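The values are calculated or read from the model by the stated rules, or taken from the named source; none is laboratory data. No experiment lies behind these values; they were computed from the predicted model shown. No Cβ is skipped: glycine too gets one built from the backbone with ideal geometry, and neighbour counts run over all protein chains shown. For accessibility, only protein heavy atoms count, side chains too; no ligands or nucleic acids. Shrake-Rupley method; radii C 1.70, N 1.55, O 1.52, S 1.80 Å.
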Amino acid sequence: MDKIKKFPDIYKLSRAAADYFVNLSRAATQRGDRFSVALSGGSTPESLYALLATEAYASRVDWPMVHLFWGDERCVPPDHIDSNYRMAQHAFIKSVPIPVENVHRIPAERPPEEAARLYERELRQFFGGMEWPRFDLILLGIGDDGHTASLFPHSPALQVTDQWVAENYIEKLDVWRVTLTAPAINAAANIAFMAIGEKKAGRIYEVTQGSYQPDSLPAQLIQPTNGKLVWLVDEAAGSLV
């Protein structure tokens, strides 16, 4: 079963996630390596990002060695209220001394297919000829419908196994998204789901302990090939596991 860590509230969960981020980054930089992270959108990680901007955490990170990516993005301009990049930029990126060239946003203002192609090209350049990208950390959320990143139930990107990045049309929302594919996510060294609230409890139970039906519960596709997976949840979200 997946490793599940429960916390009394979002504040303690976010502190644990911030410590996790800092510790992994320090381990990488002490080896002389870059620290590559794929951020998630949504409301849950905002508290984590805000903590990373505080002196207590920011001072412990070697920011010139950190490279920020995104697990998915809405197909909107970078200054749009719905942009995952914009949220992270306002929450912490603008407040920490990370070089601008180390922030690798998805060019989601472009047509979806082009945005996915350009982002995959940037990832392949960064990861230098690897079969799959080896992120040090990928942060994920889980939707009420069991989606993660922008891998939604019964959506085309669930079937993509030969690309790192895919454009994905979400029929029920009538929107396009750009997302890392499941194989690209699963190649990471560390993957952390973050979830809060009782609305998520049933889905987390189904994903971690229910029958395997990834077309309906895409979060079940996330099974690291050579890495670690952890769920960071509050008591309400983890009440059934």
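Which shape class, rounded, prolate or oblate, goes with region 44-174 when its Cα gyration tensor gives a ≥ b ≥ c as root eigenvalues, a/c under 1.5 marks rounded, and past that a/b bigger than b/c marks prolate?
Values: a/c = 1.79, a/b = 1.39, b/c = 1.29.
It is prolate, given that a/c is not under 1.5 and a/b is the larger ratio.
With a sphere of radius 14 Å drawn around the Cβ of His80, what net charge do the other residues whose Cβ falls strictly inside it have (Lys, Arg +1; Asp, Glu -1)? Numbers along the way, then the final one.
On the way: positive: Arg74, Arg86, Arg105, Arg110, Arg177; negative: Glu73, Asp79, Asp82, Glu109.
Its environment carries a net charge of +1.
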Between Arg26 and Gln163, 0.36 nm times their residue separation minus their Cα-Cα distance comes to what?
46.3 nm
Leaving ligands, DNA and RNA out of it, work out the accessible area of His154 with a 1.4 Å probe and give it in Å² to the nearest 10.
120
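Region 102-136: which GluC sites (Glu not before Pro) are DSSP loop and have at most 10 other beta-carbon atoms within 10 angstrom?
When the GluC sites (Glu not before Pro) of region 102-136 are filtered for loop state and at most 10 Cβ neighbours within 10 Å, Glu131 remain.
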Starting from the Cα of Gln209, step 7 Å along the direction of its Cβ; do the same at Asp9; then give the gap between the two resulting points in nm.
2.7
For region 78-189, the charge dipole (Cβ of Lys, Arg +1; Cβ of Asp, Glu -1; about the Cα centre) points to a positive end, and the Cα of Gln163, Pro78, Phe127 closest to that extreme belongs to Phe127
Using a probe of 1.4 angstrom, how much of the accessible area of the chain is carbon and sulfur, in percent?
48
GNM top mover of Ser211, Ser59, Ser155 - the chain, alpha-carbon springs below 10 Å:
Ser211
Roughly how much of Phe92 is accessible, in Å² to the nearest 10, using a 1.4 Å probe?
0
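Explain nothing, just the number: relative contact order of the chain, from Cα pairs under 8 Å at least 6 residues apart, as a whole percent.
On the way: 504 pairs, mean separation 55.0, N = 241.
Worked out over the chain, it gives 23 percent.
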Spatially proximal lysines relative to Lys3 (Cα-Cα < 23 Å; intrachain offsets below 8 disregarded):
Lys12, Lys199, Lys200, Lys228
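List the GluC sites (Glu not before Pro) within region 157-239 that fall in a DSSP loop (any state other than H, G, I, E or B) and whose Cβ has at most 15 other Cβ atoms within 10 Å. Walk me through the intermediate numbers first.
Values: sites: Glu167, Glu171, Glu198, Glu206, Glu235; in loops: Glu171, Glu235.
Answer by residue number: Glu171, Glu235.
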Overall Cα dimensions of the chain, principal axis frame, Å, largest first
43, 43, 35
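Taking the Cα centre of the chain as the origin, how large is its charge dipole in debye, to the nearest 20, when only Lys and Arg (+1) and Asp and Glu (-1) carry charge on their Cβ atoms?
Numbers: 24 positive and 30 negative charges, 144 e Å.
Roughly 700 debye, rounded to the nearest 20.
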